[in-house]
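Student: Here it is: the structure, laid out below.
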Amino acid sequence: MCGIAGAYFWPDGGPLTDRLTKILAHRGPDGSGRYDHRAGEGEVHLGHRRLSIVDLTETGAQPMVKDGLALTYNGELYNSPELRKELEDGGVRFRGTSDTEVVLEAWRKWGTEGLHRLRGMFAFGVFDERSGALTLVRDQLGIKPLFLVRRGKGVAFASELKALATELGGSLTVDDTALVASLLYYWVPDGRCAFTEAEKLPPGSWARFRPNGDVERGTFWSLRQVAEEGAAMGGGYLGEGGGKNTEGEFDLNAVIEDSTRKHLMADVPVATFLSGGLDSSYLTALAAREQPGISAYTIGFRAEDAKFEAMPDDLMYAKKVAAKFGVDLHEIEIAPQVLDLLPRMTYHLDEPIGDPAAINSYLICTAAREAGVKVMLSGMGADELFAGYRKHLANKIAVQYQRVPGLVRRPVESLVDRLPVATSKRGFRSVRFAKRFLSFAELPEETAFRRSYTMYDQAELAGLLNPDLAGAVDDVITEHADTYHDNTLSDFVNRMCLADSRLFLPGLNLAYTDRSSMAASTEVRTPFVDIEVVKAAFRIPGDKKIVKRQGKMALKEAALSILPAEIVHRPKGLFSAPLRAWMSRDLAPLVREVTNEGELVKAGFLRREALRKLVDEDASGQQDRSKHLWHILTLEYWYRGAVAARTT
């Protein structure tokens, strides 16, 4: 994992590349490099910051230049050994053992036609000295980021938006619609960017820039197409039929075991996140079988915070998994100086992302890095692919709830509406869940799904914003609907899984995981977010993912091959933070400041009275607005940084 940057046909592109690369130093503290070459009447400059993980020698240094090709590459190629052998059998001679050189030679042999064969996480730029063309590429699932800004025939690119915003900030404009989307979701969808002039290269795509100014774009992998092909293929998976292997079946556990094994490939120590939940426990158990004594990191919270938030005791389960599989468990208590961490995390996250789990990820990776660990495995992605979130089950229950007579529903709704979500001493999770459920239970499918995980309904969002932004609200709502309906799946559960994998996974979870871990100079790998696991997941019908009132059943059946039932069937854990405790204590003065005199209020983007209403509802305990307020704080800090960049 590394940081990449570059400039093509850009005035002072060399010095710009140096400055971009310097800002990305945290992504690669082990080395740096720059490549320069003529490109027609212009120049290309490629920069690189290295985090040495595979082939620690100079033969793995970048940018890598070999026989007319130059490559700056960020990522890991998990099928590197297989591709290396195939290329060697075809006569290719390798100088070292890095996967970077495999990517370079694979590009030379197959070009864009071979990109679908790369199994891993990656973003790279490759320059052809003969044609003068620069091609940018991003992996199939959007695990690794790649931002770019175009001007005329030129393009500047970087692994993180902050690099481009810092160096080009005076000429970049905040995209109001992206900020509206951020308020709705508490993150910016992968299809949008916080600055109008910048863009994210879409997952599974490439863009080629030529000296004459021509730009070509292409897609080499489509998640929608994979999901539709999986549904058409059908077939069962071992576990549902009592272990009998019949025609068309596949072994889900074997697919996940293979992915985990490949994700352990490294020349440095690898550890795991271990929350005690199903996903991290499953991966940790598989990893421990491959690497006995592997380290794992888990989090705990201050006792008073955990009690106030009514949080489950995940640590107890993490300790049980560690003891059973001989894992060296490290516990980190999350009692951070939130006022100090909030602006720091907002800076590192690039765009306004309001998920406090980013703090957990950053603190865990920091502790692991201090212990000499450069690589961590995460269970990220399993919930999206196998219907493991509460919203998936809740949306299925909502369909049944709509059949209940209104005479029965109305009294229940009235009672729940009057119940408090918290007192001054503790919170009530069941009441929060009930209020959340009733906010979408009677809505149509796509609207209900959106409302089940976003922050506001359409009217609430419009009421929070400047009236001039009503059109932006409509655009954001329409974009969600278009993405949700952009498939031919007949399976309700898999429609939700596909939407999550296209929106929630790259826009939030993969984004904050990359930025927060790299802020600590640590690489996080996600074995569930793997093209072969994804293919397997969409072969499983929805009625095998959610069975009765149990989500993620297909994955649970696979995990029973190695995990005890106590872990597999435990209540779902949380990789979150005690937000209500933080809001009512640590951050209360800041909330008042931002509500009354924040830059977003002064700029007219947010309405002061609407913000005060959110604060009052949360303080009274009648509604849980802690997540809303946390995100408004992150948005405020991000906006302050964006304004400062434009004026310096």
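Student: 5 Å is the cut-off here: which amide hydrogens, built 1.01 Å from N in the peptide plane, fall below it relative to Val421, excluding neighbours closer than 5 in sequence?
Tutor: Gln622, Gln623
Student: Hey, could you grab the Kirkwood Rh for the stretch 3-221? Inverse mean 1/r over distinct alpha carbon pairs, Å, one decimal.
Tutor: Its Kirkwood hydrodynamic radius stands at 17.5 Å.
Student: Sorted by mean Cβ packing within 10 Å, highest first, what order do the peptides 289-295, 319-325 take?
Tutor: On the way: 289-295: 15.1, 319-325: 18.4.
Order by mean packing, descending: 319-325, 289-295.
Student: Measure off, as a whole percent, the carbon and sulfur share of the 1.4 Å-probe accessible area of the chain, all protein chains present.
Tutor: Numbers: 12100 of 24000 Å².
C and S atoms contribute 50 percent here.
Student: Regarding the stretch 578-647, what whole-number volume in Å³ per residue does the convex hull of its Cα atoms give? Before the final figure, lay out each step's value.
Tutor: Values: hull volume 5.6 nm³, N = 70.
Expressed per residue, the convex hull around the Cα atoms of the stretch 578-647 is 80 Å³.
Student: Could you tell me which of Thr100, Thr173, Tyr297 has its Cα farthest along the dipole of the chain towards the positive end, charges placed at Cβ (Lys, Arg +1; Asp, Glu -1), taken about the Cα centre?
Tutor: Tyr297
Student: Leaving ligands, DNA and RNA out of it, rank Arg451, Arg646, Arg224 by accessible area with a 1.4 Å probe, largest first.
Tutor: Values: Arg451 20, Arg646 110, Arg224 75 Å².
Result, largest first: Arg646, Arg224, Arg451.
Student: Rolling a 1.4 Å sphere over the protein heavy atoms, what is the accessible area per residue of the stretch 457-528, to the nearest Å²?
Tutor: 29 Å²
Student: Roughly how much of Glu58 is accessible, in Å² to the nearest 10, using a 1.4 Å probe?
Tutor: So the heavy atoms of Glu58 present about 150 Å² to solvent.
Student: Once every DSSP H run of n ≥ 4 in the chain is given -39500 (n - 2.57) and the sum is divided by its residues, what mean residue ellipticity at 222 nm do you get, rounded to the nearest 500 deg cm²/dmol?
Tutor: On the way: 30 runs with 301 residues, N = 648.
Helix-only estimate at 222 nm: -13500 deg cm²/dmol.
Student: Any idea what the dipole of the chain comes to, in debye rounded to 20, about its Cα centre with Lys/Arg Cβ at +1 and Asp/Glu Cβ at -1?
Tutor: The calculated dipole for the chain is roughly 1300 debye.
Student: Could you order Lys572, Lys144 by accessible surface area, starting with the largest, using a probe radius of 1.4 Å?
Tutor: Lys572, Lys144
Student: For the chain, what Kirkwood radius comes out of the mean inverse Cα-Cα distance, in Å?
Tutor: By the Kirkwood definition, the hydrodynamic radius is 25.5 Å.
Student: How far apart, in nanometres, would the label points at Thr478 and Glu609 be if each is projected 7 angstrom from Cα along the Cα-to-Cβ direction?
Tutor: Result for the modelled spin labels: 2.9 nm.
Student: What ranking do 262-269, 213-220, 251-258 get when scored by the average of other Cβ atoms within 10 Å per residue, highest first?
Tutor: 251-258, 262-269, 213-220
Student: On a full-extension model of 0.36 nm per residue, what is the gain between Ala254 and Glu58, subtracting their alpha-carbon distance, rounded to one decimal in nm?
Tutor: Gain in length upon complete extension: 67.0 nm.
Student: Go ahead and run the numbers for FRET between Arg38 and His569, Cβ-Cβ distance against an R0 of 60 Å, rounding to 0.05.
Tutor: With R0 = 60 Å, the Cβ-Cβ based efficiency is 0.45.
Student: Go through Asp279, Asp30, Asp12 and list them by solvent-accessible area, largest first, probe radius 1.4 Å.
Tutor: Numbers: Asp279 20, Asp30 70, Asp12 115 Å².
Of Asp279, Asp30, Asp12, the descending order of accessible area is Asp12, Asp30, Asp279.
Student: Another one. Assuming 0.36 nm per residue, please report the length gained on full extension of the stretch Val408 to Thr647 beyond their Cα-Cα distance.
Tutor: 80.2 nm
Student: Kindly rank 443-449, 517-523 from highest to lowest mean number of other beta carbons found within 10 Å of each residue.
Tutor: 517-523, 443-449
Student: If you don't mind, another one. Would you check the accessible area of Val65, probe 1.4 Å, heavy atoms only, in square angstrom rounded to 10?
Tutor: The value for Val65 is about 60 Å².
Student: Sticking with this structure for a sec: Using the structure shown, list the pairs from Lys22/Lys200; Lys572/Lys613; Lys319/Lys374; Lys200/Lys613; Lys85/Lys374; Lys319/Lys572 with a Cα-Cα distance above 25 Å, or answer none.
Tutor: Long pairs (Cα-Cα over 25 Å): Lys572/Lys613; Lys200/Lys613; Lys85/Lys374.
Student: Using Cα positions and a limit of under 22 Å, work out the lysines in reach of Lys535, with same-chain residues fewer than 8 apart set aside.
Tutor: By straight Cα distance, Lys535 reaches Lys144, Lys244, Lys262, Lys544, Lys545, Lys552, Lys556.
Student: Relative to the Cα centre, what is the charge dipole magnitude of the stretch 3-221, using +1 at the beta carbon of each Lys and Arg, -1 at the beta carbon of each Asp and Glu, and rounding to the nearest 20 debye? Present the calculation step by step, with values, prior to reporting the outcome.
Tutor: On the way: 28 positive and 30 negative charges, 13 e Å.
Dipole about the Cα centre, nearest 20: 60 debye.
The values are calculated or read from the model by the stated rules, or taken from the named source; none is laboratory data. Since the model is a prediction, treat every value here as computed from it, not as a measurement. Virtual Cβ from ideal backbone geometry, glycine too; neighbours counted across all protein chains shown. The accessibility values were calculated without ligands, DNA or RNA, using every heavy atom of the protein model including side chains. Shrake-Rupley method; radii C 1.70, N 1.55, O 1.52, S 1.80 Å.
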